[in-house]
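Trainee: Structure provided below as structure tokens; questions to follow.
The values are calculated or read from the model by the stated rules, or taken from the named source; none is laboratory data. In this text the structure is predicted, and so the values were computed from the model without any measurement. All Cβ positions, even for glycine, are placed from backbone atoms using ideal geometry, and neighbour counts span all protein chains on display.
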Amino acid sequence: MNLVYADAKGRVYDEPDWGGLGRSADMIIELMEDELIPLPEGATLVSLPYTRPIGIDPDTGEMRPFPGDAQAVGALLPQGYTRLAVPAYVKTDRARKLPLFGYTAVVWKDGGFHVAAQRTDDPEPWNPLNCDRGELEKGVETLLARYPENRVYQHLSHCALGYECLTASNTFLNRWEGAVPVSYSCNAGCYGCISEQPDDSGFPAPQTRMNFRPTVDELVEIMLEHLKTPDSIISFGQGCEGEPSTQAKLMIDAIRRVREKTDLGYININTNAGLTDHIRAIVDAGLDLMRVSTISAIDEHYNAYYRPRGYTLANVEKSLKYASDRGVYTSINYLVFPGVTDREEEIEAMIGFAKRTGLKLIQLRNLNIDPESYLALIPPARGEIFGMKQMIEIFREELPDVRIGNYTHVPPAEFRRRKTAPSGRD
């Protein structure tokens with residue numbers, strides 16, 4: 001397998017005399033054949049600014065930076081694929097931070113680009129090629145004309161057309177999982193937040209957070225417009241907003257009004273689940289699905305990244321268990337990073353967390369972060385590093401009743417029309 005690099009103009013080359021490598025946390029590693037797959041459809045190759053690629057020198061057989069002005073290259077994977085290794089590189093300017101993307105190791109092999117990744121879900125529903133631009137523009141025009149005063153639709157139109165957010169696009173295409181953002185504030189200060197960063201963070205936020213408080217009428221309009229089939233999903237808590245449960249009263253009123261008119265589809269919340277009392281009330285109002293964002297089941301690691309305000313990881317666990325006990329189909333958005341998530345202590349902690357909370361689905365999400373900044377933030381490894389591929393195998397073996405994937409699916413039949421009545425609070 002050959003090293004891949006980019007020149008100053010972004011043109012990508014392979015170097016047949018140099019061997020390609022990958023990276024796990026801060027360790028440069030050799031890539032195994034069974035860790036490589038052809039570059040998936042929908043993936044994007046990008047150069048990593050202020051870096052030099054590291055490869056195997058053909059003269060010495062040693063791992064070292066590739067000479068010249070070459071930049072390292074990474075792949076941004078589409079949904080449905082889990083990264084197994086980060087590109088191998090050294091920074092030429094350590095003060096510079098890489099943009100907030102999930103970079104995957106790339107090599108040239110058998111006449112084509114290959115990436116260190118594993119397919120862990122069906123990528124087809126979230127393939128950008130399935131989002132026809134002309135059809136999307138027509139959908140945006142139709143719904144903005146139908147609801148000219150709805151500020152949330154106006155906000156989502158920018159997300160769909162400007163950021164090309166597929167969840168926002170689904171809202172205008174009336175299909176699959178659609179978005180209904182509700183909150184401009186958050187009770188966490190996530191280090192890698194994609195919608196809000198301090199001015200001195202060094203990370204430019206790639207999205208703009210909503211800056212207004214919607215009305216219940218605005219939410220209900222979007223929810224009723226989307227929930228027209230049994231398998232449709234409408235989701236609070238998108239990348240363009242803060243923590244939705246901070247607007248619990250709005251959500252509860254909207255859910256109740258919608259469920260008075262239709263029982264079609266599923267109502268989902270993407271949440272950090274730290275406001276346990278708020279989550280309980282939202283569950284009791286008629287929530288069907290809950291997807292909780294986490295990066296670890298270890299307090300020290302979780303706190304370093306999420307920087308929670310007024311809650312702890314114990315609150316997150318209580319929220320998940322409450323929802324699961326009352327028939328909500330629960331999952332986690334698990335932000336994963338090679339060399340960290342696959343540590344022995346992280347795997348053990350997550351298996352225990354999943355069992356205690358009754359999780360039904362673990363959604364593996366490649367963490368978008370500058371690797372050096374992230375590794376400096378979190379606790380060092382305490383045990384063996386198993387590798388991402390083996391970590392996935394361990395999860396499947398130890399959690400046979402938990403689906404391992406990448407995004408929310410329509411729940412199996414036994415969850416389709418829950419729910420047990422609330423029986424008091426823990």
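Trainee: Would you be able to tell me the number of residues in the range 368-394 that are out of contact with any helix residue (DSSP H, G or I) (no Cβ under 7 Å at 6 or more places or on another chain) and either closer than 25 Å to Ala43 by Cβ or crowded, with 16+ Cβ neighbours inside 10 Å (or both)?
Mentor: 15
Trainee: Being touching a Lys or Arg at 6+ places or on another chain (Cβ under 7 Å) and within 22 Å of Thr44 (Cα to Cα), is that true of even one residue in the range 117-131? Steps first, please.
Mentor: Of all residues in the range 117-131, those touching a Lys or Arg at 6+ places or on another chain (Cβ under 7 Å) come to 117-118.
Those left that are additionally within 22 Å of Thr44 (Cα to Cα): 117-118.
There is at least one residue in the range 117-131 that is touching a Lys or Arg at 6+ places or on another chain (Cβ under 7 Å) and within 22 Å of Thr44 (Cα to Cα).
Trainee: While we're on this one: So Ala354 passes all but one of these: (1) of a type in the set (Gly, Ala, Ser); (2) at pLDDT below 95; (3) on the phi < 0 side of the Ramachandran plot. Which condition number does it fail?
Mentor: The one condition Ala354 does not meet is (2).
Trainee: Scan the range 94-110 and give yes if some residue there is hydroxyl-bearing (Ser, Thr, Tyr) and more than 16 Å from the chain's Cα centre (by Cα), otherwise no.
Mentor: no
Trainee: Let me ask something additional. Looking only at residues in the range 266-295 that are touching a Pro at 6+ places or on another chain (Cβ under 9 Å) and of a type in the set (A, V, I, L, M, F, W, C), which one is farthest from Val410 (Cα to Cα)? Explain how you work it out, then say what you get.
Mentor: So in the range 266-295, the residues touching a Pro at 6+ places or on another chain (Cβ under 9 Å) come out as 266, 269-272, 274, 280, 282-284, 288-289.
Then drop every residue that is not of a type in the set (A, V, I, L, M, F, W, C), which leaves 269, 282-283, 289.
Numbers: Ile269: 14, Ile282: 20, Val283: 18, Leu289: 9 Å.
Among those that are touching a Pro at 6+ places or on another chain (Cβ under 9 Å) and of a type in the set (A, V, I, L, M, F, W, C), it is Ile282.
Trainee: Pull out all pairs, ordered by first then second residue, where Cβ-Cβ is under 6 Å, the residues are six or more apart or on different chains, the first lies in the range 368-395 and is in the same structural domain as Ala349 (by TED's automatic domain parsing) and within 26 Å of Arg94 (Cβ to Cβ), and the second is assigned to a helix (DSSP H, G or I) and hydrophobic (A, V, I, L, M, F, W, C).
Mentor: Short answer, once both residue conditions are applied: Leu377/Ala304; Ile378/Ala304.
Trainee: Given the criteria within 22 Å of Met388 (Cβ to Cβ) and not acidic (Asp, Glu), does Ala70 qualify?
Mentor: Considered against the rule, which asks whether it is within 22 Å of Met388 (Cβ to Cβ) and not acidic (Asp, Glu), Ala70 comes out as no.
Trainee: Hey, another quick one. For the range 27-56, give me the residue count where each residue is charged (D, E, K, R), at pLDDT 95 or above and part of a loop (DSSP other than H, G, I, E, B).
Mentor: Matching residues across the range 27-56 total 1.
Trainee: Among the residues of the range 90-112, is there at least one that is assigned to a loop (DSSP other than H, G, I, E, B), under 30 Å from Phe395 (Cα atoms), polar (S, T, N, Q) and in contact with a strand residue (DSSP E or B) (Cβ under 6 Å, 6 or more places away or on another chain)?
Mentor: There is no residue in the range 90-112 that is assigned to a loop (DSSP other than H, G, I, E, B), under 30 Å from Phe395 (Cα atoms), polar (S, T, N, Q) and in contact with a strand residue (DSSP E or B) (Cβ under 6 Å, 6 or more places away or on another chain).
Trainee: What residue, among those in the range 249-283 that are among the polar types (S, T, N, Q) and within 19 Å of Thr229 (Cα to Cα), is surrounded by the most Cβ atoms within 10 Å (Cβ to Cβ)?
Mentor: Here the residue is Asn268.
Trainee: Just checking, does the range 39-49 include any residue being more than 30 Å from Asn406 (Cα to Cα) and in contact with a strand residue (DSSP E or B) (Cβ under 6 Å, 6 or more places away or on another chain)? Can you show your working first?
Mentor: First, pick out the residues of the range 39-49 that are more than 30 Å from Asn406 (Cα to Cα): none.
No, that holds for no residue.
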